[in-house]
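Undergrad: Just passing along the structure, written as structure tokens.
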Amino acid sequence: RKKSMYPSCGRHSHPAVHMSVSKPPPPHSHFAPPPNSSTSHLSIPPSSSTPSSPAPSRAASSAPRSLPPPSPVKISMQEHFAINVCPGPIMPIPQISDFFPRFHDFPMTPPPPREKKILKEPDFGLSNGGETDGENKEKERKPIEEDREERQEGADSDDDDETYLGTLEFTLLFDHENNCLHCTIHKAKGLKAMDSNGLADPYVKLHLLPGASKANKLRTKTLKNTLNPVWSETLMYHGITAIDMTTKTLRLCVCDMDRLGRNEFIGEVRVALKKLSKGESKRFKMGLERITQVCNMNKETVEQGTPVAEEERGRILVSLCYSPEKSCLLVGIVRCAHLAAMDSNGYSDPFVKIVLQPDMGKKSKYKTTVKKKTLNPEFNEEFVYEVPHDQLAKKTLEISVWDYDLGMSNDFIGGVELGINAKGVRLKHWFECLKHIGKKVEYWHTLTQQGAPPEVPPQ
């Protein structure tokens, strides 16, 4: 048999190669040495056709054995998640008042003024050039008194609502011929901020006192995001008589509109109408105030009694004209003002009925159109009664205002009678119509219980 040329390369006869083979390096960890370190391990030689010489095998057998790599340190899951974790500082939770400053009570109480401390330098009578102690005391008292005056002025300015709430400019004009009060709202300046953005959405609301209600409420348009609004808007009150000019007071309120909540009150001004002259326009520039006189207003309404009850029902503007060409009476229903609210929404759906007594059949009864959801309707409707002029003195014109209700009986608001049996302005209106033939005569009349339907007694 032929012997192998390389006896060390037999099937079971190369232990040196087995000793030189090492396990693959463990995965990289913080505790294992880097792969390019000085301690090297032998690896499996690459496969090649050239056999390895016995010299290196002897050198490998004579070299010391390398230590196995250390096993990685085992870490629990809780410790793993706890490494390199920094929660940071705990921030305070923002309050709702930080985003909505309107939750603060208005007006906010200002902080007390700081007192000025006067530093007294030690004076031994040498630095003032021989001044006496009395002069020194007087000099010390002067800054103290000035400081007190400044504090009083600061307190007065804090309590002054004019500088804090803003000012309002407007013009009033009373038209005696047409019984109209023209209110022109010009502008406001320096209003108080009511929204979180430091601005406001202001509008002006007008009422006549006493007896403020939706019937005598007027309102301007709303201007967005401004503290210096310019309206230049004219509002008119109809049916204002000379008596109203001596007893009524006009209240102008500036409010901030809020779509998501309730509108907020900024301030108001009040003007007694007796300050106005007939046909004279007067301009006002007044500071807004916060006035609460609920008790006084209730006393005024109770003291006046019956006139207030009539005023709450409203007024109507009627025109009369007798046409000699057509031999007929022309009755015009122009408008109503300050009607009483009969519906749950605070308004009414008014219409007017006209009857010429004694009854002349269907030709004597007329009715205007219905005006929806208003307390100051404008009709401008005219009706014709064919009546000889000599018989007109025996007639009585009954006018009544009603609130229309669908599917239910209509509600009576108020009425008025014009004729020979009337009194006061009603009688005067009827006589002028008979006297001035062909001339249109207009008068405002206060609605009363005249013409109300008889109450059905309970069964």
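The values are calculated or read from the model by the stated rules, or taken from the named source; none is laboratory data. From a predicted model like this one, the values you see are computed outputs, not experimental measurements. Note: ideal-geometry Cβ built from the backbone for every residue, glycine included; neighbour counts use all protein chains shown. For accessibility, only protein heavy atoms count, side chains too; no ligands or nucleic acids. Shrake-Rupley method; radii C 1.70, N 1.55, O 1.52, S 1.80 Å.
Undergrad: So which strands (runs of 3 or more DSSP E) stay within the range 199-269 end to end and still have 2 or more residues that are under 21 Å from the mean Cα position of the chain (by Cα) and more than 27 Å from Asp349 (Cα to Cα)?
TA: Here the list reads 230-238, 249-256.
Undergrad: Quick one: count up the residues across the range 412-439 that are open to solvent by 40 Å² or more (accessible area, probe 1.4 Å), closer than 29 Å to Ala341 by Cα and touching a Ser or Thr at 6+ places or on another chain (Cβ under 8 Å).
TA: So the count comes out to 1.
Undergrad: Name the pairs whose Cβ atoms lie under 9 Å apart, with the first residue in the range 426-441 and more than 17 Å from Glu325 (Cα to Cα), the second open to solvent by 50 Å² or more (accessible area, probe 1.4 Å) and of a type in the set (A, V, I, L, M, F, W, C), and 6 or more positions between them or separate chains?
TA: Listed pairs, sorted by first residue: Leu427/Ile420; Trp430/Ile420; Phe431/Ile420.
Undergrad: Out of the residues in the range 359-386 that are among the polar types (S, T, N, Q) and within 34 Å of the chain's Cα centre (by Cα), which is most open to solvent (accessible area, probe 1.4 Å)?
TA: Filtering the range 359-386 for residues that are among the polar types (S, T, N, Q) and within 34 Å of the chain's Cα centre (by Cα), the one most open to solvent (accessible area, probe 1.4 Å) comes out as Asn376.
Undergrad: Then there's this: Among what's in the range 387-404 and is farther than 22 Å from Tyr443 by Cα and in contact (Cβ under 8 Å) with a residue 60 or more places away in the chain, pick the residue that is most open to solvent (accessible area, probe 1.4 Å).
TA: Pro388
Undergrad: While we're looking at this one, here's another question. Might you check whether a residue that is farther than 30 Å from Met342 by Cα, open to solvent by less than 50 Å² (accessible area, probe 1.4 Å) and touching a strand residue (DSSP E or B) at 6+ places or on another chain (Cβ under 7 Å) occurs anywhere in the range 205-214?
TA: Start the filter on the range 205-214 by keeping residues that are farther than 30 Å from Met342 by Cα, which leaves none.
Looking through the range 205-214, none of the residues is farther than 30 Å from Met342 by Cα, open to solvent by less than 50 Å² (accessible area, probe 1.4 Å) and touching a strand residue (DSSP E or B) at 6+ places or on another chain (Cβ under 7 Å).
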